[in-house]
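The values are calculated or read from the model by the stated rules, or taken from the named source; none is laboratory data. Being a predicted model, the structure only gives us computed values, none of them experimental. Cβ sites come from the backbone with ideal geometry, for glycine too, and all protein chains shown count toward neighbours. Just the protein is used for accessible areas: all its heavy atoms, side chains included, with ligands, DNA and RNA removed. Shrake-Rupley method; radii C 1.70, N 1.55, O 1.52, S 1.80 Å.
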Amino acid sequence: MPENLFKVKKEEYMLPGNRACQGCGLSLAYRYATKALHQKTILTIPASCLTVLHGLYPTTSVMIPCLNCTFASTAASAAGLVAGLAATGQTDTTVVAFAGDGGTYDIGIQALSGAAERGTDFIFACYDNEGYMNTGTQRSSATPLGALTTTTPILTKVQHKKDMLKIMEAHHLPYIATTSPAYPIDLYDKFVKAKRIVGTRYLQIQAPCPPGWGYPPRDTVKIARLAIETGIFVLFEIEDGKFHFTSRSKTIAQRGRRLPVVNYLEKQERFQKMSMDQIESLQKMVDSKWQEYQKKAEG
Amino acid sequence: MSKTIIMTGNTAAATAARLCRVQVIAAYPITPQTSVTETLSQYVESGELPAQYVRVESEHSAMTVCISASTVGARAFTSTSSHGLLYMHEQLHWAAGSRLPIVMCCVNRGVGAPWSIFNDQQDSIAQRDTGWIQLYCRNNQEIIDTVIQAYRIAEEVYAPVMVCYDGFVLSHTMMPVAVPQADMVDSYLSPYRPHTILSPDNVRNINPVMFAVLRKNSAGVLCDGYMEMRYKLQEALEKAREVIVEAGRKYSELTGRDYREMLWSYQDKDAEIILTGMGSIASEATVAVDMLREAGIKAGVVGIRVYRPFPRAEVQKALGKAKAIIVLEKDISYGYEGALCSDIKAALYGTAINAPLHNIVAGLGGRDVKASEICEAVKKSLAEMKGQESRFKTHWLNCRQ
Amino acid sequence: MEKKDENISAMSTVAVGEAGRTGDWRDLKPVINHSKCIPTVKNKAACYLCWLYCPEGVIKTGIPVEIDMDYCKGCGICAEECPAKAISMVPEGDNDE
Ligand SMILES: Cc1ncc(C[n+]2csc(CCOP(=O)(O)OP(=O)(O)O)c2C)c(N)n1
Ligand code: SF4
Ligand code: SF4
Ligand code: SF4
């Protein structure tokens, strides 16, 4: 038992009976993010699965005030909240934008880059389910190489995933962190920490999606864990430019043992058409990223 | 007492925003609006205007910032032109659907392709159906006065207001402007109160997904569906007519300048031929009317100050005695006619008014429109109108065909 | 007279069960064998990994552990993650506990 489990708030701020699918990785992650954020926070969210999770009019399943915004505008919406709150003297409120990978890597990147460059005082959290899930699993620039989606239905995605974290790093932010629903306490801690920091904070959550990735809902935590064991997804923080591994990835870095990526790929139908070349290419990419991270960690 | 200063239309707009004590400004440069953003930057950085100025990376973000800021209770201002306005299109709907009293200046400019930086009104006309109130100015005095009235209207109706004025013709032309005193503006505008306070103490999910059907909330109340929300916005804009007139009446009382009507007029009392239009082209028409009168033609001008909500009853009244109507405009609804022309025809439909009506599309992309040319075009139309088949027609003024 | 909402723009208020009784989505339901469940066996607050990983937040961390079956969607994550294998997923309609 993780002994620090008891420090997490027992109250739920994402209420049961919401519209997320069975076993949704976003929903598990959001449960902890909302626990960490609930006090004095205003959320803003674009069109996505999260819009649906928040619920249809006139009821919402989330106990934090929220302003829905258009797909491309998330970070600007946050910037407007920050400006509006500052202008009206409500400066003790944290503004948090929560968007999918489409709303972050793709259509939302301009507003996000703008807000980050201006040093807007807010948290931008991207839950990365590696595709446009709300519209039925189309490819995004966060979709990994070799994945089947409804817009890469035969040839699979032929490009590697975009390195959004590196793009955000180039904005010289005070805080960048990656999190996973397989490590809810770590996720919670990172949101608590982000809430205390001033400036633009960027968090990225890997959010396994049973219908979109093609695995049974019961395996969400297993898949998220395998992503970390294989190094496909790495848990770390970058604080004022200083990189360090965290949580399970830290242990893996110390022991130097990662599982091969196939262990992760073979569990998901979306990778069933991946060629040997693609698997090799993905393994190489993961290896080189890992080395890059290790170098950064050494300083 | 107000002070008269010679200034450009853009300075007039920025001055008005300052007098209205806007709290959040978000804007992005585009010709011919740019100097509004620059002047406001001066005000904010010098400390003259204690506002949050967000130097956004696009117009889409500019309108977004205004939306969010207005949601949490800040008076928000932006301005743009042409492609900037088109780029905001999605957010214009969002602002109106959210019922936020944002005020924006649209410095009218043609839209591409191909590029044109010069004036016409295709940009704001293209946003006609976004749920924004649209007011048109004919000189720089009207710009400063209209922006001030716009906040009063917007904050009472809970709908955004677009104050439109012609690029270069007004934006970059120096004219004397009586600048109202700050305390007069303060007494005219009450502080902005949002229709809903979004705060951690009042948990709401604003603008969620809405279905076509009506659904009950947790208290068992059957709440609106999407269509009811649309109806409420339509109702608000219909009701805005009274609010606009009342805001104008009050403003006229305070300043002695006349904003009591949704229309303005020139030489219309005995006019048989009515020229109508919005903004500077309607101003130019007044000069044309003088020329027509010299030639013995009893012409007059009815200027449209308020385009949305459309002043249907007022138009019917103002055009009631016309023997011929000329609609001048700087826009075109491709495949039909000018948008204002269609609106005027629609307002007259079913009334006893059945005067011949010609539409003159003019000045697109900054093409010069001289009063003498308007005068000649009107004479030509009047001659044509005698023939039964030419009672309704669209002419392109000053255009090789 | 019929009550109407006063909202001039769309804004929702908070309630449990926005999507209805999501328990109805289940094909399989989690059944806890308390004789294997660590908190019950040790008679103290312990483990609760099922609570930690439930995406719905419908598990209560008492002794014994309880699940709100009105809203449990039956994903089976709790059963997968239980270190004592105390939870089994059984077809809806089977009453054997
Ligand atoms: C401008 C615009 N284009 C397209 C859409 C349709 N749309 C809604 S959600 C969505 C995908 C969202 O993907 P992502 O951000 O990854 O979130 P997810 O649904 O995967 O959680 C799309 C394409 C939209 N709402 N607005
Ligand atoms: S589609 Fe995927 S991300 Fe969206 S709610 Fe369902 S499981 Fe969650
Ligand atoms: S995870 Fe299993 S053993 Fe632990 S508390 Fe839950 S049911 Fe009991
Ligand atoms: S089956 Fe899923 S929803 Fe139900 S209690 Fe277990 S983890 Fe929670």
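Data table
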| read-out | value |
| --- | --- |
| Test: residue in the stretch A:231-239 that is within 30 Å of residue A:175 (Cβ to Cβ), surrounded by fewer than 21 Cβ atoms within 10 Å (Cβ to Cβ) and more than 16 Å from the chain's Cα centre (by Cα) | yes |
| Contacts under 6 angstrom Cβ, first residue in the stretch C:65-76 being more than 16 Å from ligand 2 (Cβ to nearest atom), partner modelled with pLDDT of 95 or more and open to solvent by 40 Å² or more (accessible area, probe 1.4 Å), 6 or more apart | C:66/C:60; C:70/C:21 |
| Residue within the stretch B:66-82 that is within 10 Å of another protein chain (Cβ to nearest Cβ), free of Cβ contacts under 8 Å to residues at least 12 places away in the same chain and either of a type outside the set (Val, Ile, Thr) or open to solvent by 10 Å² or more (accessible area, probe 1.4 Å) (or both) present | yes |
| Pairs, first under 17 Å from residue B:166 (Cα atoms) in the stretch B:1-26, second in a loop (DSSP other than H, G, I, E, B) and hydroxyl-bearing (Ser, Thr, Tyr), C-beta under 8 Å, six or more apart | B:8/B:171; B:8/B:173; B:9/B:171; B:9/B:173; B:10/B:171 |
| Counted residues, the stretch C:41-56 - those being more than 10 Å from every other protein chain (Cβ to nearest Cβ) and buried (at least 20 other Cβ atoms within 10 Å of the Cβ) | 1 |
| Criterion (modelled with pLDDT under 95 and either open to solvent by 10 Å² or more (accessible area, probe 1.4 Å) or of a type in the set (A, V, I, L, M, F, W, C) (or both)) met by exactly one of B:195, B:172 | B:195 |
| Residue list for the stretch B:182-235, filter: more than 9 Å from chain A (Cβ to nearest Cβ) and on the phi > 0 side of the Ramachandran plot | B:220 |
| Per-region count, the stretch A:192-218, residues within 16 Å of ligand 4 (Cβ to nearest atom) and touching a Lys or Arg at 6+ places or on another chain (Cβ under 7 Å) | 1 |
| Failed item, numbered, when residue C:24 is tested on (1) within 16 Å of ligand 4 (Cβ to nearest atom); (2) closer than 30 Å to residue B:209 by Cα; (3) open to solvent by less than 80 Å² (accessible area, probe 1.4 Å) | (3) |
| Flag if residue B:359 is touching a helix residue (DSSP H, G or I) at 6+ places or on another chain (Cβ under 7 Å), on the phi > 0 side of the Ramachandran plot, modelled with pLDDT of 95 or more and open to solvent by less than 90 Å² (accessible area, probe 1.4 Å) | no |
| Contacts under 8 angstrom Cβ, first residue in the stretch A:251-278 being assigned to a helix (DSSP H, G or I), partner among the acidic types (Asp, Glu), 6 or more apart | A:252/A:229; A:263/A:229; A:264/A:229 |
| Among (1) open to solvent by less than 10 Å² (accessible area, probe 1.4 Å); (2) away from every other protein chain (no Cβ under 14 Å); (3) touching a Phe, Trp or Tyr at 6+ places or on another chain (Cβ under 6 Å), the one test that residue A:123 misses | (3) |
| Filtered residues of the stretch B:1-58 (kept if over 22 Å from the mean Cα position of the chain (by Cα) and of a type in the set (A, V, I, L, M, F, W, C)) | B:1, B:5, B:6, B:44, B:49, B:51, B:54, B:56 |
| The stretch A:5-30: number of residues that are under 23 Å from residue A:94 (Cβ atoms) and away from ligand 3 (no atom under 16 Å from the Cβ) | 12 |
| Any chance residue A:70 is under 25 Å from residue B:96 (Cβ atoms) and either in contact with an Asp or Glu (Cβ under 7 Å, 6 or more places away or on another chain) or within 12 Å of ligand 1 (Cβ to nearest atom) (or both) | yes |
| Sole residue being over 26 Å from the mean Cα position of the chain (by Cα) and of a type in the set (Lys, Arg), chosen from B:312, B:367, B:400 | B:400 |
| Residue in the stretch B:214-227 that is free of Cβ contacts under 8 Å to residues at least 60 places away in the same chain, out of contact with any Phe, Trp or Tyr (no Cβ under 8 Å at 6 or more places or on another chain) and farther than 30 Å from residue A:54 by Cβ present | no |
| Subset of the stretch A:222-243 [of a type in the set (D, E, K, R) and more than 14 Å from residue A:184 (Cα to Cα)] | A:229, A:237, A:239, A:240, A:242 |
| Scan of the stretch B:238-256 for residues that are basic (Lys, Arg) and either open to solvent by less than 40 Å² (accessible area, probe 1.4 Å) or more than 20 Å from residue B:307 (Cα to Cα) (or both), ordered by number | B:250 |
| Residue in the stretch A:272-298 that is modelled with the lowest pLDDT, counting only those that are surrounded by fewer than 11 Cβ atoms within 10 Å (Cβ to Cβ) and within 25 Å of residue A:243 (Cβ to Cβ) | A:298 |
| Enumeration of residues in the stretch A:36-55 that are in contact (Cβ under 8 Å) with a residue 40 or more places away in the chain and of a type in the set (Gly, Ala, Ser) | A:36, A:47, A:48 |
| Exclusive hit being assigned to a helix (DSSP H, G or I), assigned by TED's automatic domain parsing to the domain that holds residue B:274 and surrounded by 22 or more Cβ atoms within 10 Å (Cβ to Cβ), set B:369, B:378, B:327 | B:378 |
| Looking only at the stretch A:41-66, and only at residues there that are buried (at least 24 other Cβ atoms within 10 Å of the Cβ), away from ligand 1 (no atom under 15 Å from the Cβ) and hydroxyl-bearing (Ser, Thr, Tyr), the one that is farthest from residue C:9 (Cα to Cα) | A:61 |
| Those residues of the stretch C:71-87 which are within 11 Å of ligand 4 (Cβ to nearest atom) and open to solvent by 50 Å² or more (accessible area, probe 1.4 Å), in sequence order | C:80 |
